[in-house]
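Chemist: Structure incoming, see below.
Every number here is computed from the coordinates shown, using simple stated rules; none is lab data. Values in this document were obtained by computation on a predicted structure and should not be read as measured data. Neighbour counts run over all protein chains shown; Cβ positions are idealised from the backbone, glycine included.
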Amino acid sequence: EAQVTQNPRYLITVTGKKLTVTCSQNMNHEYMSWYRQDPGLGLRQIYYSMNVEVTDKGDVPEGYKVSRKEKRNFPLILESPSPNQTSLYFCASSFLGVRAKNIQYFGAGTRLSVL
Amino acid sequence: QQQVKQSPQSLIVQKGGIPIINCAYENTAFDYFPWYQQFPGKGPALLIAIRPDVSEKKEGRFTISFNKSAKQFSLHIMDSQPGDSATYFCAASRMGGSQGNLIFGKGTKLSVKP
């Protein structure tokens, strides 16, 4: 089954404790992206990646890191989480080029609470 | 700077009604306009999309109307059902530019009452 898998689904942590949210896709997509969703603000892009070892900042990258060492994985790293990073996070992926039709496939989300 | 403005923020209709969600964009380089549907506890999923070379696209009960000169597009849901209750996001992107980067509106929470 084609899917984007995020883990964990729920996470409660404390300020300053480093954490990683994993994202994996099994569709051989070149493009992967992280979004955060906050009430009234919609989906805002954090980072994206066009391919292995190619990453770039989205609209709200501060406080986040990503890496793309393998095509299927795109982890989101919070080195020193703060309460303003409490949010619902989504990973998405898609093909690039003509095949893409710009259809992004989203994971089920990770709800993060930073105390 | 918000490049895609979506309204209303929330919408309540009776079963069978026709909710309409509107979006406006600023960047004339955008050439792809999808709508995503998100149910509680799930990630968004593509519902329907339109390119600016057509003014309307229908898929089942869902219709996108597109007005290129006004830089506006809207989603109409015919004969709405309680199962359509979800959050709807419009988006825009440039197919030929930073392909894959969607700019989302802030979302509309739709409730369809039985």
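Chemist: Residues with beta-carbon under 11 Å from that of A:Leu112, excluding A:Leu112: net charge, scoring Lys, Arg +1 and Asp, Glu -1?
Modeler: Around A:Leu112, the charge tally is +3.
Chemist: Can you tell me the alpha carbon radius of gyration of the stretch A:10-65 divided by the globular rule-of-thumb value 2.2 N^0.38 Å?
Modeler: That works out to 1.27 for the stretch A:10-65.
Chemist: Let me check the size of the stretch B:1-41 from its C-alpha atoms; what are the radius of gyration and Dmax in Å?
Modeler: 13.1, 37
Chemist: When the expected Rg is taken as 2.2 N^0.38 Å, what fraction or multiple of it is the alpha-carbon Rg of chain A?
Modeler: So the Cα radius of gyration is 1.01 times the expected 2.2 N^0.38 Å.
Chemist: I would also like to ask the following. Identify, among B:Gly60, B:Gln14, B:Ile48, the residue whose Cα sits farthest towards the positive end of the charge dipole of chain B, taking +1 on the Cβ of Lys and Arg and -1 on the Cβ of Asp and Glu, with the dipole about the Cα centre.
Modeler: It is B:Gln14, whose Cα lies furthest towards the positive end.
Chemist: How fast does the stretch B:21-114 diffuse by Stokes-Einstein, in µm²/s, taking the Kirkwood radius from C-alpha pairs at 20 °C and 1.002 mPa s?
Modeler: 157 µm²/s
Chemist: Now for a different question. Can you tell me the convex hull volume per residue for the protein assembly as shown, based on C-alpha atoms, in Å³ to the nearest whole number?
Modeler: It is 124 Å³ per residue.
Chemist: Another question, if that's okay. Please report the net charge: other residues with Cβ closer than 15 Å to the Cβ of B:Lys109, K and R +1, D and E -1.
Modeler: Every neighbour counted, the sum reads +1.
Chemist: Starting from the Cα of B:Lys5, step 7 Å along the direction of its Cβ; do the same at A:Asp59; then give the gap between the two resulting points in nm.
Modeler: About 1.4 nm, to one decimal.
Chemist: Sticking with this structure for a sec: If you average the sequence gap of Cα pairs under 8 Å that are 6 or more apart and divide by the length of chain A, what percent do you get for the contact order?
Modeler: Once normalised by length, the contact order is 35 percent.
Chemist: A follow-up question, please. Using Cα-Cα distances under 8 Å and only pairs 6 or more residues apart, what relative contact order does the stretch B:11-114 have, in percent?
Modeler: Relative contact order, the stretch B:11-114: 36 percent.
Chemist: A follow-up question, please. Let me confirm the definition first: pairs of Lys residues in the stretch A:4-115, 8 or more apart or on different chains, C-alpha distance under 17 Å. How many are there?
Modeler: For the stretch A:4-115, qualifying lysine pairs total 4.
Chemist: How about the stretch A:1-100: which trypsin sites (Lys or Arg not before Pro) there lie in a loop by DSSP and see at most 14 other Cβ atoms within 10 Å?
Modeler: A:Arg9, A:Lys17, A:Lys18, A:Lys69, A:Arg99
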